[in-house]
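First comes the structure, then the notes that go with it.
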Amino acid sequence: MRYIKSKYDLFKQHAYIIIYGTSTKAGRIFDFVLLGLILLSVLLVMMETVADFNFKYHFELVFLEWVITVFFTIEYAMRIFSINKPWRYIFSFYGIIDFLAILPMYLTFVLAGSNIFTVVRSLRLLRLFKILNHPKFHSQSIQLKQAINASRGKIVVFIYFVLIITILIGSIMYVVEGSQSGFTSIPAGIYWTIVTLTTVGYGDISPVTPLGQFIASLVMILGYGIIAVPTGIVTAEIARSHQKTFAHPETPCPGCGTDDYPNNSRFCHKCGHSLDK
């Protein structure tokens, strides 16, 4: 006997497809509307901290905050309603963030000044990775993740080297400059070394002796190389991964003769001919 779904079941199914179905047109539209409201809510929270703007448009800001909060509340409830195992969403990473995003505005009825916690809405920007779950972006993120994992050992060794250099230079600057130049301790010298190596250069501590200035010049030059090394390591791994994936195969396509296809392809991207060996 064929089972006929009730209106309740159909509504729950459609809600699930729209909310969780990122591959459907309705789901993509919903995700981009959600992303727009998340960005708007974060912008509103930032503008509330601008005293003059908040004083002039306080009512409008609060009104929009409540509109967005109501929308997030409905969305949160629909996510729980449409999924078969609600607890999996409620206690998931995104579920906890969604709950924290709607909680502060309701706490304003109980606790004065609790609306300051609306800044946690900025955490919902992490949904960008979930919303933009397009195969193209997904493959690029996997490639980047693999490159970082492959270069993890080299990066750890490099950071360890930088840490040793920082401690040594900071100690030397403490001995060379002394407290009269602001290098009151070895930690203060390490702080100066980090600021100089990263080319930030706050200027709150600076060497005054010729030897200290010479060491500072070397540290500045060294800083440019240190910044570039981690980027070069990861970039090299990405290029190596790309070469492995898109290296020209030994056998051309039997249909059109092209050899411009990935090694792991099963069909030619130009003529569609089978590439199974």
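Here Leu100 fulfils each of the conditions (1) surrounded by 12 or more Cβ atoms within 10 Å (Cβ to Cβ); (2) at pLDDT 85 or above apart from (2). Condition test on Leu144, is it more than 14 Å from Met220 (Cα to Cα) and surrounded by fewer than 14 Cβ atoms within 10 Å (Cβ to Cβ)? No: the conditions fail for Leu144.
In the condition set (1) surrounded by fewer than 16 Cβ atoms within 10 Å (Cβ to Cβ); (2) at pLDDT below 85; (3) assigned by TED's automatic domain parsing to the domain that holds Leu37; (4) farther than 19 Å from Ile38 by Cβ, His138 is compliant with all but (3). When Gly223, Gly182 are checked against the criterion of being within 20 Å of Ile164 (Cβ to Cβ) and among the small types (Gly, Ala, Ser), Gly223 stands alone in meeting it. Can you name the number of the only condition in (1) modelled with pLDDT of 85 or more; (2) farther than 23 Å from Ala77 by Cα that Tyr3 fails? Unmet condition: (1).
The values are calculated or read from the model by the stated rules, or taken from the named source; none is laboratory data. None of these values were measured; they are calculated from a predicted model. Because the Cβ atoms are built from the backbone with ideal geometry, glycine has one as well, and the counts that use them run over all protein chains shown.
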